[in-house]
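What follows draws every value from the coordinates through simple rules; no lab data is involved. Given the structure is predicted, the values throughout are model-derived calculations rather than measurements. Don't worry about glycine lacking a Cβ; one is built from the backbone with ideal geometry, like all the others, and counts go over all protein chains shown.
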Amino acid sequence: MEETLEILQENLAQALLDTAYMVVISAIIGVVLGTLIALLLYLTENRLFKPNRVVNTIVGFIVNAIRSLPFLILMVVLIPVAQLLLGDPYTPTGGAISLSIAAVPFPGFNIEAGTR
């Protein structure tokens with residue numbers, strides 16, 4: 001029991017900082033890119049602007065596909081992407097990349113649905 005408490009005292013603060021880092025980075029990227037995707041979906045669907053059915057269908061399909069994948073499966077699928085970008089996907093930045101990709105469709109879908 002004492003060994004467990006010792007490990008917690010040594011590692012808990014860094015683990016909390018790493019978690020906060022991943023959440024903040026992925027939230028910022030998710031909101032910014034999600035808003036851009038929502039704008040793209042809105043502009044390509046709305047008749048007042050330049051409707052483009054092909055772009056709207058492709059982007060809508062990608063958003064719905066990512067939203068429908070369970071998060072843990074998506075994280076495992078994105079390990080090679082983080083490996084390619086960083087070299088080591090098992091770091092807080094590697095986790096932030098996967099979280100960001102998983103977070104982008106949610107604000108995109110919600111904002112676009114709210115404009116209907």
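Can you give the local net charge around Gln9? Use residues other than it whose beta-carbon is closer than 15 angstrom to its beta-carbon, Lys and Arg +1, Asp and Glu -1.
-4
If each of Ser68 and Thr35 carries a label point 7 Å out from its Cα toward its Cβ, how far apart are those two points in nm?
In this crude spin-label approximation the distance works out to 2.9 nm.
What residue among Thr91, Val81, Thr19 has its Cα farthest toward the positive end of the dipole of the stretch 1-103, where the charges are +1 on Lys, Arg and -1 on Asp, Glu, each on the Cβ?
Looking along the dipole axis, the top candidate is Val81.
If you compute Rg and Dmax of the Cα atoms in Å for the structure shown, which of (1) 18.3, 67; (2) 31.2, 110; (3) 12.7, 36 do you land on?
This structure yields the entry labelled (1).
Highest GNM mean-square fluctuation, the chain, Cα pairs closer than 10 Å: which of Ala13, Ala65, Ala103?
Ala13
Go ahead and set up a Gaussian network model of the chain, Cα springs under 10 Å, then flag whichever of Ile62, Ile37, Ile101 fluctuates most.
Taking springs between Cα atoms under 10 Å, the residue moving most is Ile62.
Counting pairs of alpha carbon atoms under 8 Å apart in space and at least six apart in sequence, what relative contact order in percent does the chain give?
About 42 percent, as a whole number.
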